[in-house]
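Chemist: This is the structure I want to talk about, given as structure tokens.
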Amino acid sequence: MSDSSPSPPTSAWSVLRQGAFARYIAGDAISMLGTWMQQMAQGWVIAGLTTTAFTLGLVTFFSSLPMLALTMFGGVIADRFDKRRILGATQIVQALLAVWVGHLVGTGEIRVLHIVIAGICLGISTAFEMPAAAALVPELVEREQLSAAIAVDRSVFHATRLIGPAVGGWLIGWLGTAWAFYANALSYSALLIALLTIRPRPLGEAHEEAARRTGMADGLAYVRRDKPTRAMISMLALVTFCISPFFMIMMPMYSRHVLHIPAAQHGILMGSSGIGAFAGSLWLLSIRKDKRRAWLIAASVGIVIAMSAVAAARGLAEAVVAMISLALGTSTVFGLANTIVQERAPDYIRGRVSAIAGLSFFGVLPFSGLIMSKFADLVGLRLAMGCSAVCFGLGAALMLYSHRRAEDPVPAESEASGVA
């Protein structure tokens, strides 16, 4: 998926001069830091309540069902209404959920069922948050700065992923597990304040505003019609199915029952994946459009090697190095694929396209989590990781080969709406 234009990418500093974007990123960074702290703490709590990987997969499955059902509707809402208000409402809901779960953890009353209930509520919220957030970023920068803005947004996501689990592990050791949830609840206020400082989107021409009010069928038709977009969404789904269940769901089991390490070291292991992911997202800023296909291939090969190394690791140091490499590869694939999808999507339909792209992760993960966790229980976590690495490699080779001749011109619809 390449573009014939070899123009140099826009710098991160240039895009951060956009005041609204800079304020949004600052608020989002604080909010995401709290989210990763809670993510680490919640996985640790569940791993303490069960000894099977399948339970972790089951929790993720039930938590993701609302997203599977509602994300496309959330994309329609994101195109029709004020994205700032949508995001503000979702932040308040998520903060309240964090306080509730934190209270249950602190009083010792927490059960897997409570986490499932909270996850279902969080899934409903996220179904509206995800497409709105993805579609808001392009509205805060100039069109030629879009790829850089997406790269910066991904960098913040992964930088907080680097820091959050380690801070969460430290906070658990200092004040107790419940405080990771309370800290997350407080962190949402930063993004709420940032959203209050951002002006509403200026109204477009009459035909564009009318197109924003059409249904999800238009988004699906666009994805079916645009081959590079369809190919990138398929690539995202492949990574999610084969690789994501292991480092998104089963890492607490890997730490507790394979490496036999305590919570603080588990936080370090989870944080180490953020190093590679952060490096990958920064690297996106320097990748020219005509080099994207080559880096997709290189990143796919790196994922296979790194996943195999995680499966074979015998101690924390080996696992950390392997996780850094794995996160570097997955971050590059996710970043490039999302950049291509967002660059090509017309403004008036971006929320719906973002919802479809999001479903390639959120719609696949609950099922892949169940399948892979059950597989891991049957054959062992190490062997399951190794088999998944092979399956991903074969799938990526077939997919990239099948789409090797796909051209990457900007669709006429995007040109008409002014998308770079």
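The values are calculated or read from the model by the stated rules, or taken from the named source; none is laboratory data. Keep in mind it's a predicted model, so treat the numbers as computed, not measured. A quick note on method: Cβ atoms are made from the backbone with ideal geometry, for glycine too, and the neighbour counts reach across all protein chains shown. When the accessible area is computed, the model is the full protein with side chains, heavy atoms only, and any ligands, DNA or RNA have been set aside. Shrake-Rupley method; radii C 1.70, N 1.55, O 1.52, S 1.80 Å.
Chemist: Of the conditions (1) within 18 Å of the chain's Cα centre (by Cα); (2) at pLDDT 85 or above; (3) closer than 24 Å to A194 by Cα, P66 satisfies every one except a single condition; which number is it?
Modeler: (3)
Chemist: Return the residue satisfying two criteria in turn: it lies in the stretch 271-286 and is open to solvent by 30 Å² or more (accessible area, probe 1.4 Å) and of a type outside the set (S, T, Y), and of such residues it is farthest from F247 (Cα to Cα).
Modeler: L285
Chemist: Moving on to the next point. In a helix (DSSP H, G or I), in contact (Cβ under 8 Å) with a residue 60 or more places away in the chain and open to solvent by less than 50 Å² (accessible area, probe 1.4 Å): does that describe V353?
Modeler: In short, yes.
Chemist: Any residue that is touching a Ser or Thr at 6+ places or on another chain (Cβ under 8 Å), open to solvent by less than 30 Å² (accessible area, probe 1.4 Å), under 22 Å from G358 (Cβ atoms) and not in a helix (DSSP H, G or I) - is there at least one of those in the stretch 232-244?
Modeler: yes
Chemist: Just give me the residues in the stretch 4-30 being part of a helix (DSSP H, G or I) and at pLDDT below 80, in sequence order.
Modeler: Hits for the stretch 4-30 are A12, W13, S14, V15, G19.
Chemist: Could you list, in sequence order, the residues of the stretch 287-327 that are modelled with pLDDT under 85 and either crowded, with 19+ Cβ neighbours inside 10 Å or farther than 26 Å from Y401 by Cβ (or both)?
Modeler: Correct list: I287, K289, R292.
Chemist: Any chance you could count how many residues in the stretch 86-106 are open to solvent by 50 Å² or more (accessible area, probe 1.4 Å) and touching a residue at least 40 places away in the same chain (Cβ under 8 Å)?
Modeler: 5
Chemist: Condition test on I86, is it at pLDDT below 95, more than 26 Å from F54 (Cβ to Cβ) and touching a helix residue (DSSP H, G or I) at 6+ places or on another chain (Cβ under 6 Å)?
Modeler: Spelling it out, I86 is indeed at pLDDT below 95, more than 26 Å from F54 (Cβ to Cβ) and touching a helix residue (DSSP H, G or I) at 6+ places or on another chain (Cβ under 6 Å).
Chemist: Considering A135, A159, A148, which residue is part of a helix (DSSP H, G or I) and more than 24 Å from R344 (Cβ to Cβ)?
Modeler: So the residue among A135, A159, A148 that is part of a helix (DSSP H, G or I) and more than 24 Å from R344 (Cβ to Cβ) is A159.
Chemist: Is it the case that the stretch 111-121 has a residue that's open to solvent by 70 Å² or more (accessible area, probe 1.4 Å) and touching a residue at least 12 places away in the same chain (Cβ under 8 Å)?
Modeler: Yes, the stretch 111-121 contains at least one residue that is open to solvent by 70 Å² or more (accessible area, probe 1.4 Å) and touching a residue at least 12 places away in the same chain (Cβ under 8 Å).
Chemist: Starting from residues that are among the hydrophobic types (A, V, I, L, M, F, W, C) and open to solvent by 10 Å² or more (accessible area, probe 1.4 Å), keep the ones in the stretch 41-50 and report whichever is modelled with the lowest pLDDT.
Modeler: Residue satisfying both the conditions and the ranking: W44.
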